[in-house]
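The values are calculated or read from the model by the stated rules, or taken from the named source; none is laboratory data. Just so it is clear, the structure is predicted and the values come from calculations on it, not from any experiment. Virtual Cβ from ideal backbone geometry, glycine too; neighbours counted across all protein chains shown.
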Amino acid sequence: MNDIERLKQKALRLTKSPGVYIMKDVNGKVIYVGKAKVLKNRVVSYFRNFSSQNEKVKKMVSNVEDFDFILTDSEFEALILECSLIKQYNPKYNILLKDDKGYHYIKISNEKFPKITLAMRKDSDGSQYIGPYISSFSVKKTIDEVNRIFMLPTCSKKLGEHQMNSRPCLNYYIKRCMGVCCKNISEKEYGEIVDSAIKYLKKGSVSSLENMKREMEKASKELDFEKAIKFRDRINAIEKINQSQKIYLNDNRSIDVISFAVTKNNICFVILKFRMGHIVDKDSHIFNNISELDSLFGNFIASYYSENNIDIPDIILIDYNELDLDLYSNYIETTTGKNVKIIVPRRGDKKKLVDMAYSNATEYLASRLKYKSREIQALQQLTELLKLKNPPMHIEAYDISNLGNTGIVGGMVVFENGLPVKKLYRKFKIQTINIRNDYGAMKEMIYRRIKEYKEKNDESFKIIPDLILIDGGKGHITAVKEVLEKEKFNVPCFGIVKDSKHKTRAISGLGGEISITSFKNAFSLLTRIQDEVHRYTISYQRKVRKKTSFEIELMRIDGIGEKRALKILKHFRSKNELLYADALEISKVAGVGLEKAHEILSFIQNDEKLI
């Protein structure tokens, strides 16, 4: 009994109660902690059909020497215990939030004429602080915005009594500062403006606009037109900024928007933070050694909001349907004391926010891994369309080409991370099919590919693909699946279907066709794969046809049979190369005398069909 079988037998003896399981390596170190609603089913799943698991789970399971477990009364208790144990043990294969980011604050200085600036920490200097925020860029942008709207001073001058008659700087003349240093405003009026700026920072532009419009109308009624004009200018500045940002919600609640982008070995979570109707911050986290997405997403939310419980939102928007929303809402409420609603939006403005977070996640992950975001998006779309466990980072595509009953060949192209890897392309000369039979030819090609994997003689065949694509429909897939099941090669397989103009139209599975036209990136990737495998296979078929014709012509010479003709063709790779060879070289290659070699050379030079 091997280790996997031993662990499976131990797991089969577990109860079906909720609980936490703790995976340990050969040294007894905890390498993974997970929770389960049904403990037995969850743990057994790791060790049943081990060969069919994705590579990340295989890697973790291959390091498991033993496991322990703790029973709980509910899945909710299991979640709380899981998070506690993850913090305690820091397991290698769990998501671990590393608090390596500095926090930033908005500082309102404690002085006669306060300034609004960026601070890296809270000091005991009597100043007022707003925050913390994770993104320094967002804080700087917000400070610049509020100083511009309210024309607050940003210079280095100390605005005390002894400097109130100094010469104003350029900001005053370009209307970026109200000119406190030249006594253009009283201390009382300045304080009222700073109070308005603080309200803007805390409550957002929606509340500030409404308040300023009321103040402007009041000043107008009191015939204080100079004051009304100042309010008007601030209102115009806020509206202009809102238009330029293009991110403006009619919702004053605090909202976090979470999305993710994933590759074979990495996942990136992005959190966009909206407060009082506009975006104020962005947070990004990349993890590797990832396993199942459902536990990843749940672990991330649980860890993030227990570690960062200083700014818990009212609403969390996510784009993952498989999460138990009530379970994680209850967890956040229990650990932070804040009632949070987790929502998966289907349409409307909130869905657009999730889409924006997804675009940020793909761009960030692509920039870190030196990919292009469209490839990551295409692979993620394929994952959803085909209901795959993980993005298909290694795709193999197959096609068959023939000319009637002759020159039957196949081609295999490989795409990794959404891009072609030409060194892994392979050609197949069909050996067992003598008549036109695409299904039979495809079966032979897949069988030979699996045989090469088992023997591991060829670099291209050492990897199990995440997805096999066949240029064909349901019949081709049925033929290929028969081989895959017989050889226990557990790889998802789909066909790429063309329209009447030989253009990519849909994906075909045994359950029917899946439309892809509305998924731009996935459609583009599949079209590129189908065009590439067709080009590669056709070019090989033409080469074989030309070579076969050349071989037949050589066999017209007395004493040159099929074996000698093949020897000549193998050594002299083109007609021109053979045409300019000397008789001695031909004699050695073909295994004939010099006289016969001269005869071969003379035949080649005089036969127009060979030129």
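Return the total of residues in segment 1-30 being surrounded by fewer than 20 Cβ atoms within 10 Å (Cβ to Cβ) and assigned to a helix (DSSP H, G or I). Total meeting the criteria: 8. Only one of the numbered conditions (1) outside any loop (DSSP other than H, G, I, E, B); (2) closer than 20 Å to N390 by Cβ; (3) under 25 Å from the mean Cα position of the chain (by Cα) is not met by V33, and that is (2). Close contacts from segment 416-428, counting a first residue that is of a type in the set (G, A, S) and a second that is surrounded by 13 or more Cβ atoms within 10 Å (Cβ to Cβ) and not in a strand (DSSP E or B), with Cβ to Cβ under 7 Å and a gap of 6+ residues or different chains, come to G418/E375; G418/A378; G418/L379; G418/L525. Would you be able to say whether some residue in segment 543-557 is aromatic (F, W, Y) and at pLDDT 75 or above? Checked against the condition, which is being aromatic (F, W, Y) and at pLDDT 75 or above, segment 543-557 yields no hits at all. When E485, E444, E452 are checked against the criterion of being in a helix (DSSP H, G or I) and crowded, with 18+ Cβ neighbours inside 10 Å, E444 stands alone in meeting it. For A366, the stated conditions hold: it is crowded, with 17+ Cβ neighbours inside 10 Å, modelled with pLDDT under 80, under 19 Å from the mean Cα position of the chain (by Cα) and assigned to a helix (DSSP H, G or I).
Could you say which residue among Y328, Y320, Y398 is in the same structural domain as V414 (by TED's automatic domain parsing) and among the aromatic types (F, W, Y)?
On inspection, the qualifying residue turns out to be Y398.
The set of residues in segment 497-528 that are touching a Gly at 6+ places or on another chain (Cβ under 8 Å) and either assigned to a loop (DSSP other than H, G, I, E, B) or closer than 20 Å to E375 by Cβ (or both) comprises I507, L525. Among all positions in segment 497-507, there is at least one residue which is touching a residue at least 60 places away in the same chain (Cβ under 8 Å) and in the same structural domain as I529 (by TED's automatic domain parsing).
Can I70 be described as in contact with an Asp or Glu (Cβ under 8 Å, 6 or more places away or on another chain), surrounded by fewer than 20 Cβ atoms within 10 Å (Cβ to Cβ) and not in a helix (DSSP H, G or I)? Considered against the rule, which asks whether it is in contact with an Asp or Glu (Cβ under 8 Å, 6 or more places away or on another chain), surrounded by fewer than 20 Cβ atoms within 10 Å (Cβ to Cβ) and not in a helix (DSSP H, G or I), I70 comes out as no. Entry remark, segment 326-350: residues being touching a residue at least 60 places away in the same chain (Cβ under 8 Å) and farther than 17 Å from I255 by Cβ number 5 in total.
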